[in-house]
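The values are calculated or read from the model by the stated rules, or taken from the named source; none is laboratory data. Owing to the predicted nature of the structure, the values given are computational and were not obtained by experimental measurement. No Cβ is skipped: glycine too gets one built from the backbone with ideal geometry, and neighbour counts run over all protein chains shown.
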Amino acid sequence: MGGGVAAAAPVPDAGADQSWPFLTQGFGPVSVAPGDRRYPDLLLRGYNRRFTGNPDAVKLVGSTSQVVQAVNEAVAAGKRVTVRGGGHCLENFVDDPDVRVVIDLSEMRAVYFDATMNAFAVEGGAILSQVYRTLDLGWGVTIPGGSCPSVGVGGHITGGGYGVLSRLYGLVADNLYAVEVVVVDAFGMARSVIATSSANDPNRDLWWAHAGGGGGNFGIVTRFWLRSPGATGTDPTKLLPPTPGGIMITTLFWDWSQLDEAAFTTLVTNFGTWHEQNSAPGAAANQLWASLIAIRQGKGGVIVRAQVDPTVTGTQQMLTDFAAAMTRNVAAAPAASTTGNLPWLYTTTTSASEVAGVFGIPSLLLRSKTKGAYHKKGYTPDQLRTVYRYLTSPSYAYASGLMGLFSFGGKVNSFSPTATAVPHRDSVMLASFSNYWSDAADETRQLQWVRELYRDVYATTGGVPVPNGVTDGNYVNWPDVDLADPAWNTSSAPWSTIYYKDNYARLQQIKAARDPRDIFHHALSVRPQ
């Protein structure tokens, strides 16, 4: 694709504060304290109402220099500080009662091509739908990010950034060229640092740590620069993956009345087997991404969805073949449908979370707990019997839980485990176990259900998916404090190994060098060495 605008804003020196002029001049800093009419709005997170903070102030910022100022003020006052982008953290890392100052980046959301860096710049407060829209409409390119449009880029990219195009183009972190980070030195002084992936960059360690090391560990990222590895030239339309020509989706649905334990086991085994056989780097099948969602009896059934770009030769047949593989030896025929060629941008940016609709829980009341796992191979029959029992047994009166399986591998697995901070480079699926509810009074029993399900599924490895020949730990963007609790993790693998494997020691060294006072921390943050 040709055309596009070379730069959406004047591009100053790469080392300077590059916030858009109208933001620098027209917004921030704004400090909102309890008692201010705006304060309740700023306490609302983007997802999961289990957690609500009570900071002394929420600082809304419009530039990197304002972030530096806000951090300096908090540190000087001895107040714990943290950062929020989209507000989708699955734990209370931002909404911790100990946090006294929240720096809100939501007004720092510019997306533009930076000719000086020869990369696309995305400010730390942007959400995925904004990034997809601007990159596509301006240059016909995209990033292989997540499918939830309202997720903020700050936590998403720093945790790796997995999405439906990752089998083709890797993680977003694999397409990360540089970051601008506000860090705090040993004297308690904040400053901004630009770190690139260039081998001769003295700040390269800071880039490496933010390419999958997780948010809230080393500083506050105010800007990301994105460019695909190996991309050459200066044409912006060639520097990131091309936007797909469209989306075609096949959906298969089985009601629980159609699936006994044997049929459920066969179906989920089919899903795992297909991914074991079709997820190598460079495989043609990486054009297809799929999910299997098994929703607790009483609220749903088992839904398998697969999507491709139908403008790519052979992909429509790929959908047909995938559906045949899923239904093999499953006696009950699913309700099946296939869409036409849907427009990629509209479909991607308007896909709402299915959780509220499926479970009938208003978004403002939605509470949840999610636990995850990387899989190199599918589940055993014993594990699937456990899942079936939890999802269908009438002795469990919790109707809003689910298990999800999602395609992984492909291009992701072409990178070395040490190329970035993401060590999980030989898995073929991501699994999640979630529960949803609305009443705070149900917290204990709803948490217990999903915790016991997860523990029993991974019973042979201490209740958690330890790195071994079958499982490979957990995705850092799905934080789970239970992994640090010996009551739920009885394995010999600490939470740090489950998330970071052998990369944790290097992350600790970078933490000690870049955040020696441990200013940026949370329940699962990288500990100084």
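Within the range 88-106, the set of residues being surrounded by fewer than 20 Cβ atoms within 10 Å (Cβ to Cβ) and more than 19 Å from Tyr47 (Cβ to Cβ) comprises Pro97, Asp98, Arg100.
Here is a yes/no grid of residues against (1) modelled with pLDDT of 95 or more; (2) out of contact with any Phe, Trp or Tyr (no Cβ under 6 Å at 6 or more places or on another chain); (3) not basic (Lys, Arg):
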site	(1), (2), (3)
Phe322	yes, yes, yes
Met326	yes, yes, yes
Leu342	yes, yes, yes
Thr349	no, no, yes
Ala356	no, yes, yes
Gly360	no, yes, yes
Arg367	no, no, no
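Looking at the structure I just gave you, is Thr320 surrounded by fewer than 16 Cβ atoms within 10 Å (Cβ to Cβ), assigned by TED's automatic domain parsing to the domain that holds Val428, over 30 Å from Ser197 (Cβ atoms) and out of contact with any strand residue (DSSP E or B) (no Cβ under 7 Å at 6 or more places or on another chain)? Against the criterion (surrounded by fewer than 16 Cβ atoms within 10 Å (Cβ to Cβ), assigned by TED's automatic domain parsing to the domain that holds Val428, over 30 Å from Ser197 (Cβ atoms) and out of contact with any strand residue (DSSP E or B) (no Cβ under 7 Å at 6 or more places or on another chain)), Thr320 qualifies. Could you list, in sequence order, the residues of the range 483-502 that are buried (at least 21 other Cβ atoms within 10 Å of the Cβ) and touching a residue at least 60 places away in the same chain (Cβ under 8 Å)? Passing the criteria: Tyr499, Tyr500. Taking the range 36-75 as the range and being touching a Gly at 6+ places or on another chain (Cβ under 6 Å), at pLDDT 95 or above and among the small types (Gly, Ala, Ser) as the test, only Gly62 passes.
Within the range 211-230, residues that are among the hydroxyl-bearing types (Ser, Thr, Tyr) sit with their Cβ atoms under 7 Å from residues that are in a strand (DSSP E or B) and at pLDDT 95 or above, at 6+ positions apart or across chains, in these pairs: Thr222/Glu123; Thr222/Glu180; Thr222/Val182; Thr222/Ser192.
Residue-wise test of (1) under 30 Å from Phe120 (Cβ atoms); (2) surrounded by 15 or more Cβ atoms within 10 Å (Cβ to Cβ).
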| residue | (1), (2) |
| --- | --- |
| Leu226 | yes, yes |
| Thr232 | yes, no |
| Asp235 | yes, no |
| Pro241 | yes, yes |
| Ser257 | no, no |
| Asp260 | no, no |
| Leu267 | no, yes |
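Of the helices (runs of 4 or more DSSP H) that lie entirely inside the range 338-424, those containing 3 or more residues that are out of contact with any Cys (no Cβ under 6 Å at 6 or more places or on another chain), in the same structural domain as Val268 (by TED's automatic domain parsing) and of a type in the set (Val, Ile, Thr) span 344-349, 381-392. Does Val179 satisfy being touching a His at 6+ places or on another chain (Cβ under 7 Å), in contact (Cβ under 8 Å) with a residue 12 or more places away in the chain, crowded, with 19+ Cβ neighbours inside 10 Å and in the same structural domain as Val131 (by TED's automatic domain parsing)? Here the answer is yes, as Val179 does meet what is asked. In the range 66-80, the residue that is nearest to the chain's Cα centre (by Cα) out of those that are of a type in the set (A, V, I, L, M, F, W, C) and crowded, with 23+ Cβ neighbours inside 10 Å is Val67. Looking across the range 155-194, the residues that are in a strand (DSSP E or B) and over 16 Å from Pro516 (Cα atoms) come down to Leu176, Tyr177, Ala178, Val179, Glu180, Ile194.
When Pro281 is tested against (1) farther than 20 Å from Leu319 by Cβ; (2) free of Cβ contacts under 8 Å to residues at least 24 places away in the same chain, only condition (2) is not met. Evaluate the following for Ala325: is it surrounded by fewer than 22 Cβ atoms within 10 Å (Cβ to Cβ), touching a helix residue (DSSP H, G or I) at 6+ places or on another chain (Cβ under 6 Å), of a type in the set (A, V, I, L, M, F, W, C) and in the same structural domain as Asn435 (by TED's automatic domain parsing)? Answer is yes for this residue.
So how many residues does the range 80-103 have that are outside any loop (DSSP other than H, G, I, E, B) and either more than 22 Å from Val30 (Cα to Cα) or hydrophobic (A, V, I, L, M, F, W, C) (or both)? The number of residues fulfilling the criteria is 5.
Here Asn435 passes the criteria (1) buried (at least 16 other Cβ atoms within 10 Å of the Cβ); (2) polar (S, T, N, Q); (3) not in a strand (DSSP E or B) except the one numbered (3). Screening Ser197 on (1) closer than 22 Å to Arg527 by Cα; (2) of a type in the set (Gly, Ala, Ser); (3) surrounded by fewer than 24 Cβ atoms within 10 Å (Cβ to Cβ) shows it passes everything except condition (1).
For the range 291-321, filtering for residues that are of a type outside the set (Gly, Ala, Ser) and part of a strand (DSSP E or B) leaves 10. Would it be correct to say that Tyr169 is closer than 19 Å to Ser279 by Cβ, modelled with pLDDT of 95 or more and out of contact with any Lys or Arg (no Cβ under 6 Å at 6 or more places or on another chain)? So Tyr169 fails the test.
Has the range 125-136 got any residue that is farther than 25 Å from Arg49 by Cβ and under 13 Å from the mean Cα position of the chain (by Cα)? Within the range 125-136 (the criterion being farther than 25 Å from Arg49 by Cβ and under 13 Å from the mean Cα position of the chain (by Cα)), the answer is no, since none of the residues qualifies.
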